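Participant: So that we are looking at the same thing, I have put the structure below in structure tokens.
The values are calculated or read from the model by the stated rules, or taken from the named source; none is laboratory data. Bear in mind that the values here come from a model prediction, so they are computed numbers and not experimental data. Cβ placement follows ideal geometry from the backbone for every residue including glycine, while neighbour counts extend to all protein chains displayed.
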Amino acid sequence: MAFLTNPPLVAALLSFLFAQIAKVFTTWYLDRKWDLTRLVGSGGMPSSHSAFVVGLCTAVGFASGTSSVEFAVCFVFSAIVMYDASGVRQHAGKQANVLNQIISELPPEHPVSDVRPLKDTLGHTPTQVFAGACTGVIVGSLYMANY
């Protein structure tokens, strides 16, 4: 467990954990129901993927400086992950939703009528990605300021 002595990694993990826990509360606020599956699920508010990579990027900025190669790599990686979360994965989730609707309308004798529904909470809205990024900046900064 020596890797847990790496401050940027710990900051990233804490950012991810905070975002996952926050999803339980945002789901309760929006739907008025407690859903503990949000602790391990993808999608939702805030984006834990964004929090994870931005928490890492923020901590690396503190540890190595924002002009370092390490920060540049983290920044580019973060941008790719956030673009993917709000673009490609969100569209895949919308497609899964449409496919689920089509399958539900098939007659029972159709060969694919008994296919399990596809997971449709894959991606994030830009607001969810932004909230995740803010979570990463805040948690990463707080951790590194107190390290």
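Participant: Anything in region 96-118 that is surrounded by 12 or more Cβ atoms within 10 Å (Cβ to Cβ) and either touching a residue at least 24 places away in the same chain (Cβ under 8 Å) or hydroxyl-bearing (Ser, Thr, Tyr) (or both)? List them, or say none.
Facilitator: Ala96, Ser113
Participant: Restricting attention to region 43-59, does a residue exist that is at pLDDT below 85, out of contact with any Pro (no Cβ under 8 Å at 6 or more places or on another chain), in the same structural domain as Ala131 (by TED's automatic domain parsing) and more than 22 Å from Tyr147 (Cβ to Cβ)?
Facilitator: yes
Participant: Going through Gly93, Gly132 one at a time, which residue ends up being surrounded by 15 or more Cβ atoms within 10 Å (Cβ to Cβ), touching a Lys or Arg at 6+ places or on another chain (Cβ under 9 Å) and closer than 25 Å to Leu30 by Cα? Spell out how you get there, then give the answer.
Facilitator: On the way: Gly132 fails: touching a Lys or Arg at 6+ places or on another chain (Cβ under 9 Å).
Exactly one of Gly93, Gly132 is surrounded by 15 or more Cβ atoms within 10 Å (Cβ to Cβ), touching a Lys or Arg at 6+ places or on another chain (Cβ under 9 Å) and closer than 25 Å to Leu30 by Cα, namely Gly93.
Participant: How many residues does region 122-143 hold that are under 18 Å from Val88 (Cα atoms) and touching a Pro at 6+ places or on another chain (Cβ under 7 Å)?
Facilitator: Total satisfying the criteria: 2.
Participant: Please give the number of the condition Val40 fails out of (1) modelled with pLDDT of 85 or more; (2) closer than 24 Å to Ile138 by Cβ; (3) β-branched (Val, Ile, Thr).
Facilitator: (1)
Participant: Shifting gears a bit: For a quick check of your reading: which helices (runs of 4 or more DSSP H) sit entirely within region 29-147 and have at least 3 residues that are among the aromatic types (Phe, Trp, Tyr) and within 30 Å of Thr5 (Cα to Cα)?
Facilitator: The helices (runs of 4 or more DSSP H) meeting that bar are 69-86.
Participant: Those residues that are surrounded by 13 or more Cβ atoms within 10 Å (Cβ to Cβ), assigned to a helix (DSSP H, G or I) and not hydroxyl-bearing (Ser, Thr, Tyr), I need them from region 1-15; list them, please.
Facilitator: Pro7, Pro8, Leu9, Val10, Ala11, Ala12, Leu13, Leu14
Participant: Among the residues of region 51-64, are any hydroxyl-bearing (Ser, Thr, Tyr) and either buried (at least 16 other Cβ atoms within 10 Å of the Cβ) or within 11 Å of the chain's Cα centre (by Cα) (or both)?
Facilitator: Yes: one or more hits.
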